[in-house]
Amino acid sequence: MKPKLTDIQRYRVTSINTASTNGTFDFERCAALHNHVIERGWLGTGRDLETLERRSWWDFYGQEAERIRYVLAQPVVEFLQRVILCPEEDDWSWHYFLACVTDPETILDAINDELQEVEGRRFLWLYLYGMPLGHTNGLIFDQVKNLAIIQPTIEDEGTTSNGRQKWLPLEVILDAYIDMIDKGKIVIASGLVEGEYRVESPWTLLPYSNHDLQSSLGAFQDLVDAISARLPHPTVDSTEPLANASTMAAVKLQVFAKEFFLKAKRPSFKFIAPGIAIQSEDELRNQPYMNVPLEDEEEWHPVLLFRAHETVRNFGPIFGRGYEDVEEYPSGLYLSPYDERHHMIFADGVKLVLPFKLGQKGFARSSDGELIGGPRECQNEPEPESHHDMLYTQGYNPFIEYHDIQLYRVLKNWTQMVVDGHWQVNAEGVGGGIEKFRDADSEEHGDRFVITQSW
């Protein structure tokens, strides 16, 4: 009988099977998670596990590994003696975002030499980041605290070492990388159209997965149900979508947006959040950025999902290259623009655009716990800043590079606001008007608007 994928359920990080909290390095658990990803890639490319060479990192490097043993904590040695190397063929990458465990020379080159001398080789450059970003780094491991963080480039060192960023047990990060595979965000590249997406053999990243779409549709329906249950008068559930096929045919939208508009059901009420409304078919056709010329067919415009009726003026542009001249636009919830050739595509990533700025009071925070929009490189927390487009942002992402927060996570936050009674419901849906979002910068309610950190 051919060997099967190793069962790692006992090693996965869950609410019951939590990560280590006593400051130890669970090297056996982490090695099992690491090896599982290699097995998934090997099987996914049509190979048998019996043909997978299971040579450990320590065995492969032999004397080179022994020469650095004296600077490695024993649990790290145990980890390196258990993790198997990536296959040598086809420039195999352990995962789309992490290429491999680094070699014995690189592993000691985690951070600047001066700090390493003071800390006594405390920090290890354990994994190489998968993207050629320039001054590429990767996963940094702290041998004293037994915690890790992703540091894509050496320029991120000021942020990861600012004393405020949350480092995580290694198993939390490795489990998150498996979660990306489980949810179809990272998939085996074979079978896809060559050149369609960036490949880190054998892996590629999809703009969105079916899990992403279903999560957003489910979260939207949960929000609609929560509001409907609190309407002053009973209503009949609609079977009509947010947009009909003719509307979607009339406007060029990225695929996730079209799928969402065609499959999400139109509620009987207007407002799904304070001042944030379901759009009419005419409003959906009148997308604010559709007239901005795109340089290539792989580029996609921002999409206004849910509209607020206040227009933003004199705050400057909110999207990047190509949109610099658009300084007047509707407020509301947008899907962000993207380029299919880029290595970090989250087609379901959103940006909430408000008609006013907030943050100056110092209570509006990103998912990393830092002030919205503020610099993260300084050792002392910076002074608060005001922004109109930085609520519901990640801040520094300890798992992968920064990307806009996924739609379903914002919709879940809004549902909780309704369920908790923080947002009141009237005949038109959620009441209070767009000004209600100012609560995000209040001591009493600021925490309600912080979405839990995730990849």
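The values are calculated or read from the model by the stated rules, or taken from the named source; none is laboratory data. None of the values given here were measured: they were computed from a predicted structure. Note: ideal-geometry Cβ built from the backbone for every residue, glycine included; neighbour counts use all protein chains shown.
Table: residues versus (1) closer than 16 Å to GLY130 by Cα; (2) at pLDDT 95 or above; (3) not assigned by TED's automatic domain parsing to the domain that holds GLY349.
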| site | (1), (2), (3) |
| --- | --- |
| GLU171 | no, yes, yes |
| ALA176 | yes, yes, yes |
| GLY191 | no, no, yes |
| GLU194 | no, no, yes |
| HIS211 | no, yes, no |
| GLN221 | no, yes, no |
| ILE227 | no, yes, no |
| LEU231 | no, yes, no |
TODO: Would you check if GLU383 is at pLDDT 95 or above, in the same structural domain as PRO337 (by TED's automatic domain parsing) and not basic (Lys, Arg)?
DONE: no
- [ ] Just need a number here: residues in the stretch 327-370 that are outside any strand (DSSP E or B) and either within 17 Å of TRP414 (Cβ to Cβ) or free of Cβ contacts under 8 Å to residues at least 12 places away in the same chain (or both).
- [x] 4
Task: Given (1) more than 27 Å from GLN221 (Cα to Cα); (2) buried (at least 19 other Cβ atoms within 10 Å of the Cβ); (3) in contact with a helix residue (DSSP H, G or I) (Cβ under 6 Å, 6 or more places away or on another chain), number of the condition LEU411 does not satisfy - done: (1)
TODO: Search the stretch 243-258 for residues being closer than 12 Å to LEU305 by Cβ and in a helix (DSSP H, G or I), and hand back the single one that is nearest to the chain's Cα centre (by Cα).
DONE: PHE256
Open item on the list: Given the condition in a strand (DSSP E or B) and either surrounded by 19 or more Cβ atoms within 10 Å (Cβ to Cβ) or within 15 Å of the chain's Cα centre (by Cα) (or both), answer yes or no: does some residue in the stretch 378-391 qualify?
Closed with: yes
- [ ] Return yes when ASP348 is at pLDDT 95 or above, within 29 Å of MET131 (Cβ to Cβ) and acidic (Asp, Glu) and no when it is not.
- [x] yes
Task: the stretch 254-268, subset in contact with a Ser or Thr (Cβ under 7 Å, 6 or more places away or on another chain) and crowded, with 20+ Cβ neighbours inside 10 Å, residue nearest to TYR338 (Cα to Cα) - done: PHE260
- [ ] Collect the residues in the stretch 321-363 that are among the aromatic types (Phe, Trp, Tyr) and within 24 Å of the chain's Cα centre (by Cα), keeping them in residue-number order.
- [x] TYR323, TYR334, TYR338, PHE346, PHE363
Task: Single residue of the stretch 227-261 satisfying the filter (small (Gly, Ala, Ser) and in contact with a Phe, Trp or Tyr (Cβ under 9 Å, 6 or more places away or on another chain)) that is nearest to ASP420 (Cα to Cα) - done: SER228
Task: Residue under evaluation GLY44, criteria (1) surrounded by fewer than 12 Cβ atoms within 10 Å (Cβ to Cβ); (2) in contact (Cβ under 8 Å) with a residue 60 or more places away in the chain; (3) closer than 23 Å to SER201 by Cα; (4) not aromatic (Phe, Trp, Tyr), criterion not met - done: (1)
